[in-house]
1. Quick one: divide the alpha-carbon radius of gyration of region 84-176 by 2.2 N^0.38 Å and tell me what you get.
2. Counting pairs of alpha carbon atoms under 8 Å apart in space and at least six apart in sequence, what relative contact order in percent does region 84-176 give?
3. Give, in nm to one decimal, the length gained when the segment between residue 166 and residue 143 is fully stretched (0.36 nm per residue of separation minus the Cα-Cα distance).
4. Pulled fully out, how much extra length does the chain show between residue 106 and residue 71, if you take 0.36 nm times their separation in residues and subtract their Cα-Cα distance?
5. Any chance you could run the full-extension gain for residue 22 through residue 53? It's 0.36 nm times the residue separation minus the Cα-Cα distance, nm to one decimal.
6. Identify all lysines with a Cα-Cα distance to residue 104 below 24 Å; exclude those on the same chain that are fewer than 8 residues away in sequence.
7. I need 41, 21 ordered by Cβ neighbour count within 10 Å, fewest first.
8. How would 34, 151 line up from fewest to most surrounding beta-carbon atoms within 10 angstrom?
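Read-outs: derived from the displayed coordinates by stated rules, not from any lab. Just so it is clear, the model here is predicted, and its values are computed rather than measured. Note: ideal-geometry Cβ built from the backbone for every residue, glycine included; neighbour counts use all protein chains shown.
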Amino acid sequence: MAERENRRGRGRNREEETPEFADRLVAINRVSKTTKGGKNFGFAALVVVGDQKGRVGFGKGKAKEVPEAIRKATEQAKRQMIRVPLREGRTLHHDMEGRHGAGKVVMRTAPEGTGIIAGGPMRAVFEMLGVKDVVSKSIGSQNPYNMIRATIDGLQKEASPRQVAARRGKKVADILKKDDAPAAEAAEA
């Protein structure tokens, strides 16, 4: 029995040893359950975790005490991390939309020096991801859970030029090449 627990715990310890992840508490919600003996209070926490180099994840946790709920949410977020390719390590490669339920978010690339223009929960995701320049707008649901899920949905659609080139069987230079042919024809006329 002890041997089995030892094998299970081995991977988790390695994850906990690396303190490279930053976390941000997005929302805390006090919930109550009314029983015959009175009200039982609990807490639900929503946390975003990232390494600020292109990996991000979110998690939610419920417990009777706030610190325990935050701990559970952080552990879940570390298990559900996704990798997002960033252009120059500071912005997105292309504009995109993300949806979850009634929540819809629009994310756009931005020139250097723009900063993070985003509302509450989306800002936390971008900061933990390591994005420095982005313009985004949340449309529809203002629920932080739905906003974060919609943001993650959009970020999963992100494709770097290398990924697009590999999918099409071309070189990265062919994908990034500007289309100057129509401009040259207009200049001749």
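1. Dividing the Cα Rg of region 84-176 by 2.2 N^0.38 Å gives 1.11.
2. 34
3. Full extension of this stretch gives 4.6 nm more.
4. Once the chain is fully extended between residue 106 and residue 71, it gains 9.6 nm.
5. Values: separation 31, 0.36 × 31 = 11.16 nm, distance 1.08 nm.
My answer for the length gained is 10.1 nm.
6. 60, 132, 137, 157
7. By the 10 Å Cβ count, ascending: 41, 21.
8. Working: 34 8, 151 28.
If I rank by nearby Cβ atoms, fewest first, I get 34, 151.
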